[in-house]
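Inspection log for the structure reproduced underneath, given as structure tokens.
FYI, it's all coordinate maths here, none of it is from the lab. From a predicted model like this one, the values you see are computed outputs, not experimental measurements. Ideal geometry is used to build each Cβ from the backbone, glycine not excepted, and the neighbour counts take in all protein chains shown.
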Amino acid sequence: MRVLKGWQLYVLLLLPLAYIILFHYVPMYGAQIAFKNFSPVKGISESDWVGLKHFKRFIDSYDFWRIMRNTLTLSLYDLAVGFPLPIVLALSINYANQKAFKKTVQMVTYAPYFISVVVMVGIVFLMLDPRIGALNLIIQQLGFDPVNFWENAGYFKSIYVWSGVWQNIGISCIIYLAALSGIDPSLHEAGVMDGASKFQRMIHIDIPGILPVASVILILGMGQMLNTGFEKILLMQNPLNIRTSEVIDTYVYKVGLISKAPNFSYATAIGFFKSLISLVLLLTVNQIAKKLGQNNLW
Amino acid sequence: MYNPSIKESRGDRAFTFVNYTFLVLVLIMVAYPLLYIVSASFSNPGKVAAGEIWLFPKGFNVAGYKAVFDYSRFWTGFTNSLFYTSAGTMLNVTLTVMAGYVLSRRDLVGRNLFMLLFMFTMLFSGGLIPTYLLVQDLGLINTRWAMILPTALSVWNLIIARTFFQVSIPQELLEAAQIDGCNDFKFVWRIVLPLSAPIIAVLCLFYAVGHWNTYFNALIYLRNKELFPLQIILREILILNSVDTAMTNGSEAQAKQALSQLLKFSLVIIASLPILVIYPFVQKHFVKGVMIGSLKG
């Protein structure tokens, strides 16, 4: 019996499996309270069924469209900026022949990734401070009035997206650099022979070379459309920008854990709604990618 | 790129020029905020508050650092974070290596089923509230366990580890060991572990950075101030702006205000230091980890 012969493997798998069941599958079972009126006294399985009541309430609520719009525009903005820029940087680094300089650029651009989200937002606060922030000092040097970035809700999305670019551009380009180094050098040699300029080689050799990787990253990004950088947004929120900064995840957190009368079932329903749409979204974009003959996840 | 002896065409030279200009600009834009924070942290509190610092420190001063180091809650948070990071990472790496190796074994009956079980959690989750309720039911709220157990394993890292084992532990090694009468426990302990130093380094790095930098679980699971990790203390000071009066004790109101501004800069530096110090040494491993992760499993 192969199963018995390999019993020691199952012993090794025991703890990880126990973890995944307890901390991932049990909450999935617990998510049924989205369809119930959860009462702590009755517990998860004994609470009364209410069907889709909480989902209806969310979709009909005044907040629904605002939150959906914020979540989607923030994600799209993030994707529109955060997806192409690392590719540009990788292509650019790839054409820098000066080794020491190349190393420096990589070293410096990777570093912000390791900064914690709290410190990151702290840095953004300090940089954009209306009185002492470096950015405002520069704006004033150039002869403009200082901008109060935190009192204007319109700035929120840009601050979120561009500070994300600052933090992640280096780390995101690693994968493209790897793909670029995997391109067959004979293609470039043939290009040089035929008199192609560097720019032409970049367009016709390098970009097609990283396209498969890029499409996987894009698929993943689209599948994550409803998952915004929750921890960071929560830190950046204030009463003045809440109009543009409230997204699904922060709303769930507030309804479920912060509110004076926490509504576990309602919050779970909103979270469940999000997870479900995310799953469908990921499967759909993957299917589309497959149809187009590009790389896909499975 | 190759054969630099061939003279570049005018177009190529222009391309190279534009390219380097772009990279220099990127370099400046990424490095500038870091330089600004470092400079301000070493400056005179009055000059910082007056908005005079934009590149170089003025009126060299370590008052901000002193205020941070004198603050007892900073040290509580720091030691707590050290504990959560080391204990958490140890558990993480142990579980990840065990599961990663087992799932890399082609002769494991039910391998695909197990893999599916792990992978599905990346696609769908019960959500914030059911997880919170579970942690509550387990009685972990307000205990150190809440910082360690709910994040005991990351499936993403598990896949990285599994890919590593698949690629770098040859099937022949296992067969040879089995013929010599070596069982699976022994094989893992004597052969696999000694060969997996690179992946263990990568996993330690990923997990440790994650533990050190996260604040959200502490925010929802912990109430007792004695258990707070550093990131929560940072959040209070940097984000919520609630500087404890104990930190700026014994100075005039205005000086107090200036100092509480200055110590934010120092705090940013000190909090990032542990990771930035080891960063140059682990950068290589980190890049490797990202690349293993990008291989299709």
Computed about the Cα centre, the charge dipole of the stretch B:72-227 from +1 Lys/Arg and -1 Asp/Glu charges at the Cβ has a magnitude in debye, to the nearest 20, of 400 debye
Per 10 angstrom bin, beginning at 0 and ending with the bin that holds the maximum distance, the Cα pairs of chain B fall in percents of 5, 19, 23, 22, 17, 10, 3, 0
Quick note, the stretch B:72-227: a/c under 1.5 would make it rounded; otherwise a/b > b/c is prolate and the rest oblate (a ≥ b ≥ c, C-alpha gyration tensor); here it is prolate
Each residue of A:127-139 has, on average, a number of other protein chain C-beta atoms within 10 Å of its C-beta equal to 4
Given Cβ charges of +1 for Lys and Arg and -1 for Asp and Glu, the option among B:F164, B:S72, B:M98 whose Cα lies farthest towards the positive end of the dipole of the stretch B:72-227 is B:S72
Computed on Cα atoms only, the convex hull of the stretch A:84-138 has an orientation-averaged projected area in nm² of 5.3 nm²
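Hey, what did chain B get for relative contact order, percent, Cα under 8 Å, at least 6 apart?
RCO, chain B: 31 percent.
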Expressed as a whole number, the average count of other chain Cβ atoms within 10 Å around the Cβ atoms of A:173-185 is 2
Percent relative contact order for chain A, counting Cα pairs under 8 Å at least six residues apart, stands at 25 percent
From the cross-link list A:K102/B:K58; A:K103/B:K66; A:K103/B:K284; B:K264/B:K284; A:K157/A:K260; A:K56/A:K157, the entries with a Cα-Cα span beyond 23 Å are A:K102/B:K58; A:K103/B:K66; B:K264/B:K284; A:K157/A:K260; A:K56/A:K157
Env charge @ A:I277, Cβ radius under 15 Å, K,R +1 / D,E -1, value +1
Charge tally for neighbours of B:P33 with beta carbon under 14 Å away, counting Lys, Arg as +1 and Asp, Glu as -1, is 0
Inter-chain shielding metric for B:8-21, i.e. average beta-carbon neighbours from other chains within 10 angstrom, reads 4
Taking Cα atoms only, Rg over Rh for the protein assembly as shown with Rh from the Kirkwood formula is 0.98
Put in order of increasing Cβ neighbours within 10 Å, starting from the fewest, A:T244, A:T284 give A:T284, A:T244
